[in-house]
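S.K.: Here it is, the structure, as structure tokens.
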Ligand code: GUN
């Protein structure tokens, strides 16, 4: 069997076009242009790259972006003051605090400072708490897990009643992905570094979301025939034949898994482009809520 490839680039592009169209309609109707504030603290190269990509996406879709960059030694008070100011600024509809923050900062207290209706990353403790509870709707869902579920739905994968396995329990991906799957009535197992007999657990999965950050750890022999495999990992692997001496691979061994799975996302070009697309979708919704 050869898996159907779920093309995240195509699906993300469609989401972006839909958002751009809605932004255009809002502006034509005389409403303020949606705005996203980004907060970057410190000089992590990966974080700076992500923030730049988010600002570029805003520009392409007609969303204003307001970039804020604080030094790596910024105090808790300085970061919270900035986030409070953005929470009170009517031009700003969404606030994105790029994570991780430098280790001297209390992340939870910073996230708690974001106005709930501007929490486009869905990391405010109240939004996450609502995601974890039955019958309570968060205002926003974290972008990468939202993208994973969106890909499954667009591919026509049945989530309700499926056995879902999530590899990884991070605050940003694994845990919210598991909560979303539970909310959609999948029987959900979360695996982590202490899980026993991991390949056997993964073999039960009709849906596998891999978010552990270990290059090609999941082998083809772990995959249930016909399963839907969503690979969140972005790892660099040495490859002397590649122009840069390395290439990007996921947490799943793609060549092996595609022979067994029913659906699979490639790396790059699977989940990656979805994170920003869903952030744009959340930002549009924030603007629609704030300027009905
Ligand atoms: N760091 C890694 N992924 C994300 C994300 O989706 N949002 C934020 N704010 N930080 C991240």
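S.K.: So residue 179 ticks every box in (1) part of a helix (DSSP H, G or I); (2) over 22 Å from residue 152 (Cβ atoms); (3) free of Cβ contacts under 8 Å to residues at least 60 places away in the same chain but one. Which box is left unticked?
M.R.: Against the list (1) part of a helix (DSSP H, G or I); (2) over 22 Å from residue 152 (Cβ atoms); (3) free of Cβ contacts under 8 Å to residues at least 60 places away in the same chain, residue 179 comes up short only on (2).
S.K.: Could you please give the count of residues in the stretch 150-161 that are out of contact with any helix residue (DSSP H, G or I) (no Cβ under 8 Å at 6 or more places or on another chain) and either outside any helix (DSSP H, G or I) or under 25 Å from residue 35 (Cα atoms) (or both)? It would help to see each step written out before you state the result.
M.R.: Within the stretch 150-161, the subset out of contact with any helix residue (DSSP H, G or I) (no Cβ under 8 Å at 6 or more places or on another chain) is 152-153, 155-158, 160-161.
With either outside any helix (DSSP H, G or I) or under 25 Å from residue 35 (Cα atoms) (or both) added as a condition, the list becomes 156-158, 160-161.
Total meeting the criteria: 5.
S.K.: Looking at residue 147, is it in contact (Cβ under 8 Å) with a residue 24 or more places away in the chain, in contact with a helix residue (DSSP H, G or I) (Cβ under 8 Å, 6 or more places away or on another chain), within 12 Å of the ligand (Cβ to nearest atom) and in a loop (DSSP other than H, G, I, E, B)? I'd like the intermediate steps shown before the answer.
M.R.: Details: in contact (Cβ under 8 Å) with a residue 24 or more places away in the chain: yes; in contact with a helix residue (DSSP H, G or I) (Cβ under 8 Å, 6 or more places away or on another chain): yes; within 12 Å of the ligand (Cβ to nearest atom): yes; in a loop (DSSP other than H, G, I, E, B): no.
Considered against the rule, which asks whether it is in contact (Cβ under 8 Å) with a residue 24 or more places away in the chain, in contact with a helix residue (DSSP H, G or I) (Cβ under 8 Å, 6 or more places away or on another chain), within 12 Å of the ligand (Cβ to nearest atom) and in a loop (DSSP other than H, G, I, E, B), residue 147 comes out as no.
S.K.: Can residue 153 be described as closer than 19 Å to residue 229 by Cβ and more than 16 Å from the ligand (Cβ to nearest atom)?
M.R.: On the way: closer than 19 Å to residue 229 by Cβ: yes; more than 16 Å from the ligand (Cβ to nearest atom): yes.
The answer is yes for residue 153.
S.K.: Kindly indicate whether residue 87 is over 20 Å from residue 126 (Cα atoms) and either under 17 Å from the mean Cα position of the chain (by Cα) or free of Cβ contacts under 8 Å to residues at least 40 places away in the same chain (or both). Give the derivation first.
M.R.: Working: over 20 Å from residue 126 (Cα atoms): no; either under 17 Å from the mean Cα position of the chain (by Cα) or free of Cβ contacts under 8 Å to residues at least 40 places away in the same chain (or both): yes.
Taking the combined requirement at face value, the residue does not satisfy it.
S.K.: Then there's this: Just to verify a result, which residue in the stretch 109-134, among those that are assigned to a loop (DSSP other than H, G, I, E, B) and within 13 Å of the ligand (Cβ to nearest atom), is farthest from the chain's Cα centre (by Cα)? Before you say what the answer is, go through the steps one by one.
M.R.: Looking only at the stretch 109-134, we keep the residues that are assigned to a loop (DSSP other than H, G, I, E, B), and these are 113-115, 119-124, 132-134.
Filter once more, keeping what is within 13 Å of the ligand (Cβ to nearest atom): 114, 119-124.
Numbers: 114: 18, 119: 14, 120: 11, 121: 8, 122: 10, 123: 11, 124: 15 Å.
By that ranking, first place goes to 114.
S.K.: Please tell me if residue 51 is within 24 Å of residue 139 (Cα to Cα) and in a loop (DSSP other than H, G, I, E, B).
M.R.: Details: within 24 Å of residue 139 (Cα to Cα): yes; in a loop (DSSP other than H, G, I, E, B): no.
Taking the combined requirement at face value, the residue does not satisfy it.
S.K.: If you check 161, 213, 168, 220, which single one turns out to be touching a strand residue (DSSP E or B) at 6+ places or on another chain (Cβ under 8 Å) and more than 16 Å from the ligand (Cβ to nearest atom)? Working first, answer last.
M.R.: Details: 213 fails: more than 16 Å from the ligand (Cβ to nearest atom); 168 fails: more than 16 Å from the ligand (Cβ to nearest atom); 220 fails: touching a strand residue (DSSP E or B) at 6+ places or on another chain (Cβ under 8 Å).
After applying the criteria, what remains is 161.
S.K.: Here's another thing I want to ask about it. For residue 190, which of the numbered conditions (1) closer than 27 Å to residue 141 by Cα; (2) touching a strand residue (DSSP E or B) at 6+ places or on another chain (Cβ under 8 Å); (3) in a loop (DSSP other than H, G, I, E, B) fails to hold?
M.R.: That leaves (3) as the condition not met.
S.K.: With 31, 24, 56, 14 as the choices, which residue is in a helix (DSSP H, G or I), surrounded by fewer than 16 Cβ atoms within 10 Å (Cβ to Cβ) and in contact (Cβ under 8 Å) with a residue 12 or more places away in the chain?
M.R.: Numbers: 31 fails: in a helix (DSSP H, G or I); 56 fails: in contact (Cβ under 8 Å) with a residue 12 or more places away in the chain; 14 fails: in contact (Cβ under 8 Å) with a residue 12 or more places away in the chain.
Every option except 24 fails the conditions.
S.K.: Continuing with the same structure: List the pairs whose first member sits in the stretch 217-229 and is on the phi > 0 side of the Ramachandran plot, whose second member is surrounded by fewer than 24 Cβ atoms within 10 Å (Cβ to Cβ), and whose Cβ atoms are under 9 Å apart, counting only residues at least 6 apart or on separate chains?
M.R.: Note: pairs meeting the criteria are 226/1; 226/3; 226/206; 226/260; 226/262; 226/263.
S.K.: Go through (1) in contact with a strand residue (DSSP E or B) (Cβ under 9 Å, 6 or more places away or on another chain); (2) within 30 Å of residue 77 (Cβ to Cβ) for residue 148 and report which single condition fails.
M.R.: (2)
S.K.: Here's something else I'd like to know. Please verify whether the stretch 77-100 includes one or more residues that are under 24 Å from residue 267 (Cβ atoms), out of contact with any strand residue (DSSP E or B) (no Cβ under 7 Å at 6 or more places or on another chain) and part of a helix (DSSP H, G or I).
M.R.: Kept after step one, since they are under 24 Å from residue 267 (Cβ atoms), are these residues of the stretch 77-100: 96, 98-100.
Filter again for out of contact with any strand residue (DSSP E or B) (no Cβ under 7 Å at 6 or more places or on another chain), leaving 99-100.
When the remaining residues are screened for being part of a helix (DSSP H, G or I), the result is none.
Looking through the stretch 77-100, none of the residues is under 24 Å from residue 267 (Cβ atoms), out of contact with any strand residue (DSSP E or B) (no Cβ under 7 Å at 6 or more places or on another chain) and part of a helix (DSSP H, G or I).
S.K.: Consider only pairs whose beta carbons are under 9 Å apart and that are at least six residues apart or on different chains; among these, list those whose first residue lies in the stretch 231-247 and is without any contact (Cβ under 8 Å) to a residue 60 or more places away in the chain and whose second residue is loosely packed, with under 13 Cβ neighbours inside 10 Å and in a strand (DSSP E or B).
M.R.: Sorted first by the residue in the stretch 231-247, then by its partner, the pairs are 245/238; 246/237; 246/238; 247/237; 247/238.
S.K.: Look at the stretch 34-52 and say how many of its residues are surrounded by 15 or more Cβ atoms within 10 Å (Cβ to Cβ) and either under 19 Å from the mean Cα position of the chain (by Cα) or within 13 Å of the ligand (Cβ to nearest atom) (or both).
M.R.: Here the count works out to 11.
Bear in mind that the values in this text are calculations on the coordinates, not laboratory data. Model, not experiment: these values are computed from the prediction. Counting neighbours? That spans all protein chains shown, and the Cβs are built from the backbone with ideal geometry, glycine included.
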